[in-house]
Amino acid sequence: HAKAHGRGRVELFGDRLAGTIAGRAQMESDLREALDQGQFALVFQPQVSARTGAVVGAEALLRWLHPDGLRMPLEFIQRAEESGLIVEIGEWVTQQVAQTIRRWHVAGMTQRLGVNISARQLDHATFFLGLRKALRDADAPAALLELELTETLAMNCSDEVLDAIAALRGDGASVAIDDFGTGYSNMARLQRLPVDRIKLDRTLIVDIAERAETRAIAQAVIALIHGIGCEAVAEAIETPDQAETLRIIGCDILQGYAIAEPMPEDHFLEWMGRSEEQVTLRRPA
Ligand code: C2E
Ligand code: MG
Ligand code: MG
Ligand code: MG
């Protein structure tokens, strides 16, 4: 029905707006085609223990292999949300994640796989029913699944959605708060949701190796995270100095280009084979 509204407005308000609406409609039909033609793919970025260097998990990140070139989530996720297509894309992601977890489990791996969930997907408690069903159908252990939700989203979801998340967690899945430090931080409300890990936003760590103040803030935030019984994860770590600083101030899990870029599954598995050596080499003993 959004489309019908859009068409009406084109006639009413003229060319300038028509451009925008046409652009949106184009993106929407491109996204639909991407779903139908199988142009989406997941890449996997490792997460390592700051203490031991062991690979403890990976984050699944969406890529659009558009015929004109690779498109990143920031270029299309928002449009997908606005058009509601994120629901179907999210279902595709869910299927892939369930099958990936199944493969990793069969291979004897114990690494968790994190999946990003956007606000629009949380409008539907059915999303979580779908996720549980996908795991069951794929015979994939929920213990290897981690849900990544932003703090704003975690604080604003309905009781129904909270129950659905709690049920998944009851199955063994874990919950991580993504981009922590960018939304309204309300620790009291955040407690509504049982959380296992908190991912510091990159803005909290970007100059951590250079600025004592940034280090002090990050250290305090990590202490707070530990205080509520969670693990602290740092993402977007780009230099060995950042990694080392984060390790010293007690961050538990590290993720970022300094460890490895997001990779297609076969590269990720290859990387896993070499990782222990690599990660140890990059860090002074
Ligand atoms: P996010 O969940 O915060 O993901 C982390 C982003 O940081 C990823 O961008 C990742 O590639 C990037 N990154 C990793 N290491 C570094 C680094 O060292 N430096 C810098 N500057 N960046 C680094 P990406 O893949 O472009 O994803 C962007 C956002 O799109 C994600 O942010 C997430 O919110 C959303 N997204 C990605 N995949 C999905 C998905 O399957 N479903 C939904 N709903 N959202 C997704
Ligand atoms: Mg994430
Ligand atoms: Mg993040
Ligand atoms: Mg982010």
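The values are calculated or read from the model by the stated rules, or taken from the named source; none is laboratory data. Please read all numbers here as calculations on a predicted model, not as lab measurements. Note that each Cβ is placed from the backbone with ideal geometry, even for glycine, and that neighbours are counted across all protein chains shown.
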State whether one or more residues within the range 238-245 are within 22 Å of the chain's Cα centre (by Cα), within 22 Å of Ile259 (Cα to Cα) and buried (at least 17 other Cβ atoms within 10 Å of the Cβ). yes
Spot the failing condition for Leu74; the list is (1) within 16 Å of ligand 3 (Cβ to nearest atom); (2) in contact (Cβ under 8 Å) with a residue 12 or more places away in the chain, and only one is missed. (2)
Number of the exception - Arg112 against (1) surrounded by 13 or more Cβ atoms within 10 Å (Cβ to Cβ); (2) at pLDDT below 95; (3) closer than 30 Å to Glu244 by Cβ: (2)
Given the criteria buried (at least 17 other Cβ atoms within 10 Å of the Cβ), closer than 24 Å to Leu144 by Cβ, in contact with a helix residue (DSSP H, G or I) (Cβ under 6 Å, 6 or more places away or on another chain) and modelled with pLDDT of 95 or more, does Val56 qualify? no
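So, of the residues in the range 128-146 that are hydrophobic (A, V, I, L, M, F, W, C) and closer than 15 Å to Val56 by Cα, which turns out to be surrounded by the most Cβ atoms within 10 Å (Cβ to Cβ)?
Of all residues in the range 128-146, those hydrophobic (A, V, I, L, M, F, W, C) come to 128-129, 131, 134-135, 138, 140, 142-145.
The next check asks that each one be closer than 15 Å to Val56 by Cα; those that pass are 143-145.
Working: Ala143: 14, Leu144: 23, Leu145: 26.
Among those residues, the one meeting the criterion is Leu145.
Tell me yes or no: at least one residue of the range 5-23 is within 27 Å of Leu147 (Cβ to Cβ), surrounded by 13 or more Cβ atoms within 10 Å (Cβ to Cβ), more than 16 Å from ligand 2 (Cβ to nearest atom) and at pLDDT below 95.
The answer is no; no qualifying residue exists.
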Restricting the range 76-116 to residues that are hydroxyl-bearing (Ser, Thr, Tyr) and in contact with an Asp or Glu (Cβ under 8 Å, 6 or more places away or on another chain), the one farthest from Lys133 (Cα to Cα) turns out to be Ser83
Filter result for Ser83 (in contact (Cβ under 8 Å) with a residue 40 or more places away in the chain, hydroxyl-bearing (Ser, Thr, Tyr) and within 16 Å of ligand 3 (Cβ to nearest atom)): no
Does Ile253 satisfy being crowded, with 20+ Cβ neighbours inside 10 Å and either among the small types (Gly, Ala, Ser) or near ligand 1 (Cβ under 10 Å from one of its atoms) (or both)? no
